[in-house]
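Enquirer: For reference, the structure I am asking about is given below.
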Amino acid sequence: MPRIERTAEVVWEGNVARGAGAISAGTGAFSGLEFSLPTRIGAAEGKTSPEELLAAAHGGCITMSLASELTTAGTPPGRLAVTCLIVMDEVEGRGHQIVASHVEMLATADGLDDEALQAAVAKADEGCPFSNLLERAGVDVVVTARLV
């Protein structure tokens, strides 16, 4: 696989308590995703957060990894529905830290049984760069999957 580089642009105006920012993708895939401290720690009010973007990144990466593993095993997915929950919490002496990523996967694939799915999920998690990054950082990564 070739080297991959992507950018995001962030603009923030004001102090942390009352200011606000916007995130845009260098590719133009999204622009002006608003975020602020009140919507990061409270009700989202239609705005995003760094944690939500990390959940999307981890969820997207491991989904592609599972699709690859299932295809290689001869049972390409018909559909994968994945939810990723990123948890940030106060860690004594370290402030707020990302402490967990919980990934739940629902899979459909012709000829796929649960044993083969679990084996593919383990390989997908092992091969997912975002899972690896989070685990090296001490984050508890939990991946579950079931057939539907």
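Enquirer: Which whole-number percent is the relative contact order of region 64-148 (Cα, under 8 Å, 6+ apart)?
Expert: Relative contact order here is 34 percent.
Enquirer: Taking only protein heavy atoms and a 1.4 Å probe, what accessible area per residue, in Å², does the chain have with all protein chains in place?
Expert: 64
Enquirer: Now, a different point. With θ set to phi - 60° and the Karplus curve 6.51 cos²θ - 1.76 cosθ + 1.60, what are the ³J(HN,Hα) couplings of region 36-50 in order, to the nearest whole Hz, using x for Gly and Pro?
Expert: Computed from phi, the couplings for region 36-50 are 7, 5, x, 7, 6, 9, x, 5, 5, 6, x, 9, 9, 8, x Hz.
Enquirer: Heavy atoms only, probe 1.4 angstrom, no DNA, RNA or ligands counted: give me ILE62, ILE4, ILE98 ranked by accessible area, highest first.
Expert: Listed by decreasing accessible area, they come as ILE4, ILE98, ILE62.
Enquirer: Can you tally the net charge around LEU117? Count Lys and Arg as +1, Asp and Glu as -1, for every other residue whose Cβ sits under 10 Å from the Cβ of LEU117.
Expert: With Lys, Arg at +1 and Asp, Glu at -1, the neighbours total -3.
Enquirer: Express in whole angstrom the spacing between the alpha-carbon centres of region 73-148 and region 31-54.
Expert: 23
Enquirer: Can you check what the net charge comes to around PHE35, using other residues whose Cβ is under 15 Å from the Cβ of PHE35 (Lys, Arg +1; Asp, Glu -1)?
Expert: -3
Enquirer: While we're here: Report the charge-dipole magnitude of the chain in Debye, nearest 20, computed about the Cα centre from +1 at each Lys and Arg Cβ and -1 at each Asp and Glu Cβ.
Expert: In total the dipole reaches around 380 debye.
Enquirer: Could I ask something else about it? Note the listed values (i) 30, 21, 14; (ii) 28, 16, 14; (iii) 32, 18, 14, then indicate which one is semi-axes √(5λ) of the Cα gyration tensor in Å calculated from this particular structure.
Expert: Recomputing semi-axes √(5λ) of the Cα gyration tensor in Å here gives the entry labelled (iii).
Enquirer: What are the residues whose amide H is under 5 Å from the amide H of ALA109, where those residues sit 5 or more places off or on another chain and H is modelled from the backbone?
Expert: When sequence neighbours closer than 5 places are left aside, the close amide H contacts are GLY78.
Enquirer: With both bridge residues required to lie in region 54-148, what share of the DSSP beta bridges run antiparallel, to the nearest 5%?
Expert: Of all bridge pairs located within region 54-148, approximately 60 percent are antiparallel.
Enquirer: I would also like to ask the following. Can you give the translational diffusion coefficient of region 65-147 in µm²/s, computed by Stokes-Einstein from the Kirkwood radius over Cα pairs at 37 °C and 0.692 mPa s?
Expert: My calculation gives 242 µm²/s for D.
Enquirer: So, one more: Considering amide H positions built from the backbone, and no H for Pro or chain starts, which residues 5 or more places from MET88, or on another chain, come under 5 Å of its amide H?
Expert: Residues meeting the amide H criterion: VAL99.
Enquirer: What is region 1-97's relative contact order, in percent, from Cα pairs under 8 angstrom and six or more apart in sequence?
Expert: 15
Enquirer: OK, next. Relative to the longest principal axis of the C-alpha atoms of the chain, give the angle of the C-alpha long axis of helix 114-127, reported between 0 and 90° and rounded to the nearest 10°.
Expert: Approximately 50 degrees, to the nearest 10.
Enquirer: In the chain, carbon and sulfur make up what percent of the accessible area (probe 1.4 Å)?
Expert: Of all accessible area on the chain, carbon and sulfur atoms account for 53 percent.
Enquirer: Kindly write out, for region 56-64 in residue order, the coupling ³J(HN,Hα) from the Karplus curve 6.51 cos²θ - 1.76 cosθ + 1.60 (θ = phi - 60°), rounded to whole Hz, with x marking Gly and Pro.
Expert: These are the phi-based 3J(HN,Hα) values: 5, 5, 5, x, x, 5, 6, 5, 5 Hz.
Enquirer: Place the peptides 69-79, 15-25, 85-95 in order of packing, highest mean first, counting for every residue the other Cβ atoms within 10 Å and averaging per peptide.
Expert: Sorting 69-79, 15-25, 85-95 by mean packing, highest first, produces 69-79, 15-25, 85-95.
Enquirer: Taking θ as phi - 60°, what are the ³J(HN,Hα) couplings along region 68-75 by the Karplus curve (6.51, -1.76, 1.60), each to the nearest whole Hz, with x for Gly and Pro?
Expert: 5, 4, 5, 5, 4, 7, x, 10
Enquirer: Tally Lys and Arg at +1 and Asp and Glu at -1 over the other residues with C-beta under 13 Å from the C-beta of ALA20: what net charge comes out?
Expert: Once positives and negatives cancel, what remains is 0.
The values are calculated or read from the model by the stated rules, or taken from the named source; none is laboratory data. Predicted model, so just to flag it, every value in this text is computed and none were measured. Counting neighbours? That spans all protein chains shown, and the Cβs are built from the backbone with ideal geometry, glycine included. Calculation scope for accessible area: heavy atoms of the full protein, side chains included, ligands and nucleic acids excluded. Shrake-Rupley method; radii C 1.70, N 1.55, O 1.52, S 1.80 Å.
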